[in-house]
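Chemist: Here it is: the structure, laid out below.
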Amino acid sequence: MNTAVQPVEAFAWNQACEIPFIADADAQRAIDGIGRTEDVHFSPDNRRLALVGHLDNRLLVLGVRFFSDGATSRVHLHSPQEVVSDAFAYPHGVFWIDSETLIVANRQGDATILRVPLASPATAALQLEPLARLRSDGPDQLVYTPGSVSVAALDGGWLEVLLCNNYAHHVSQHLLDARNGYAVLDGSRLLADGLHIPDGVAHSRDQRWIAVSNHDGHCVFVYENTPTLGPSSPPAAVLRGMNYPHGLRWTRDGQFLLVADAGLPFVHVYQRGAGDWQGECQPVQTLRVLDEDRFRRGQYNPQEGGPKGMDIVADDRVLVVTSQEQALAFFDLESVLGPYRRPGVVADRPPETGRTFARHVMGQVGTLNTLMERWQHERTRQDAALSAIGLALEQTQRLAAERLAAIESLRVTVDQQQRHIRLVADSYSWRLTAPYRLLRQRLRDLFPSRAG
């Protein structure tokens, strides 16, 4: 069990915790028109924010600027870009791969990769075609009803993509080559045992841990990202004390995991024990992110009304949350986490275990590539041998056919000659002269010296 578990402390929603944001007029109109939101994500440079318009089949990308107004932090939202695509089918999850490229998980379609160029905001929606797709291929296959997505960058321009396949009840992993048009190199079912409607997924910053929201289990599973991780692997830790978990985000040092509770107006904060994530954990802090009126208006069933999407800026200072009745809200996360932080935890550099594991993964992939090359070489050699055997067989069959034709021709000739001999033997003139031929033969036998 995790000995660091502490009782829940209610951190009420108030103006001191919420950070007001300023939106340009066109940005505010876009936010007001986005409708029901789901996931939200900052670009790696924290200058863009992607927000999903689930029911309207659109994406909203906003410019973001953080500044301080005296002692108060502020957020400025500007330069809205509305994005539409024929590939959108109830978009649900979103994740920036880089500052211009993102992946969208469509609940009733594929996971699509799009490039949203850095440009002046357009008056009309930006129509985009996917750069690549992780295609939905049926309830018994790898990708089906993808709802949430997390991406980890590996060495060599490769990406590991994790997809929550909500109604297939598993998390799939996909290896993509960003240098080659995001070509899919491999894919497999990664996590499944005990999951029922996985509704959120997140890599820790050092890639050592993977967290998955277990919607109908009312908990979050935390897995150690080891080479042996597979569909039947049990979680290292189970986080409890929530209603319907949705969005997940790790702090940069991996010390805290935040969970958006879609069925309550809260974001729950969990803290790693003195060692690793293990056992059953309760939240060390609960942050209220919606007032009662907004929460009740959005709670048309017990699974809704609370926060859905959630993200943290790179320095852990600001939290952004989306919900049914409040498309965007920002909070001072440092004031929430500060009292719980352990001194001496390095926040700027991932633990060596993460880099070691990444190297191990790349080594394993390199080994697989070598084996694949050997297999392809052997297959080419065998194909060449089979081709030579086939050619020799064809030649043998052709020679055999020619010989059979010659034998048949000879047989026909012999038959014709035999028929001719029988015709001559049976003819009248042959029978008429037979006595004379017999007498002549006997005289030759009696007087061989006169035979002429």
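What follows is calculated from the coordinates using simple rules that are stated; it is not laboratory data. Given the structure is predicted, the values throughout are model-derived calculations rather than measurements. For neighbour counting, all protein chains shown are included, and Cβ atoms are generated from backbone atoms with ideal geometry for every residue, glycine included.
Chemist: Per residue of region 72-79, what does 6.51 cos²θ - 1.76 cosθ + 1.60 with θ = phi - 60° give for ³J(HN,Hα)? Whole Hz please, x for Gly and Pro, Karplus curve as stated.
Modeler: For region 72-79, the Karplus curve yields 10, 6, 9, 10, 10, 10, 8, 6 Hz.
Chemist: Additional query: Considering only C-alpha atoms, what is the centroid distance from region 44-68 to region 220-290, in Å?
Modeler: 25 Å
Chemist: Now for a separate question. Where nothing but the Cβ of Lys and Arg (+1) and of Asp and Glu (-1) is charged, how large is the charge dipole of region 122-280 around its Cα centre, in debye to the nearest 20?
Modeler: That gives a dipole near 260 debye.
Chemist: Placing unit charges on C-beta atoms (Lys and Arg positive, Asp and Glu negative, everything else neutral), compute the dipole magnitude of region 124-188 about its Cα centre in debye, rounded to 20.
Modeler: Value, rounded to 20: 140 debye.
Chemist: Within a Cβ distance under 12 Å of Arg249, other residues only, what is the Lys/Arg minus Asp/Glu net charge?
Modeler: Taking every Cβ under 12 Å from that of Arg249, the sum is -1.
Chemist: Now for a separate question. Among Ser148, Ala119, Gly138, whose Cα projects farthest towards the positive end of the dipole of region 107-148, with charges put on the beta-carbon of Lys, Arg (+1) and Asp, Glu (-1)?
Modeler: Ranked along the dipole, the leading option is Ala119.
Chemist: How do the peptides 149-157, 286-294, 206-214 rank, highest first, by the average count of neighbouring beta carbon atoms within 10 Å per residue?
Modeler: In decreasing order of mean packing, 149-157, 286-294, 206-214 become 206-214, 286-294, 149-157.
Chemist: Considering amide H positions built from the backbone, and no H for Pro or chain starts, which residues 5 or more places from Ile22, or on another chain, come under 5 Å of its amide H?
Modeler: Val75, His76, Leu77
Chemist: Residues with amide H under 5 Å of Glu280's amide H, sequence separation 5 or more or different chain, H placed in the peptide plane at 1.01 Å from N; which?
Modeler: HN-HN under 5 Å from Glu280: Asn2, Val238.
Chemist: Per residue of region 89-98, in order, report the coupling 6.51 cos²θ - 1.76 cosθ + 1.60 (Karplus, θ = phi - 60°) as ³J(HN,Hα) in whole Hz, putting x for Gly and Pro.
Modeler: Whole-Hz 3J(HN,Hα) from phi for region 89-98: 9, 6, x, 10, x, 8, 8, 6, 7, 9.
Chemist: When ranked by the protection proxy of mean other Cβ atoms within 10 Å per residue, highest first, what sequence do the peptides 189-200, 408-419, 270-281 form?
Modeler: Ranked by mean Cβ neighbours within 10 Å, highest first: 189-200, 270-281, 408-419.
Chemist: Also: Taking the Cβ of Gly275 as the centre, find all other residues whose Cβ is under 14 Å away and add up their charges (Lys, Arg: +1; Asp, Glu: -1).
Modeler: Charge balance in the 14 Å sphere: +1.
Chemist: Ok, one more. Specify which residue in the list Ala105, Pro80, Ala50 is farthest towards the positive end of the charge dipole of region 39-183, using unit charges on the beta carbon of Lys, Arg (+1) and Asp, Glu (-1), about the Cα centre.
Modeler: Result: Pro80.
Chemist: Give me, ordered by chain and number, the residues 5 or more places off Leu126 or on other chains with an amide H under 5 Å from its own placed amide H.
Modeler: Distant-sequence amide H within range of Leu126: Glu82, Val83, Val84.
Chemist: Further, regarding this structure: With θ set to phi - 60° and the Karplus curve 6.51 cos²θ - 1.76 cosθ + 1.60, what are the ³J(HN,Hα) couplings of region 134-143 in order, to the nearest whole Hz, using x for Gly and Pro?
Modeler: These are the phi-based 3J(HN,Hα) values: 9, 7, 6, 10, x, x, 9, 10, 6, 10 Hz.
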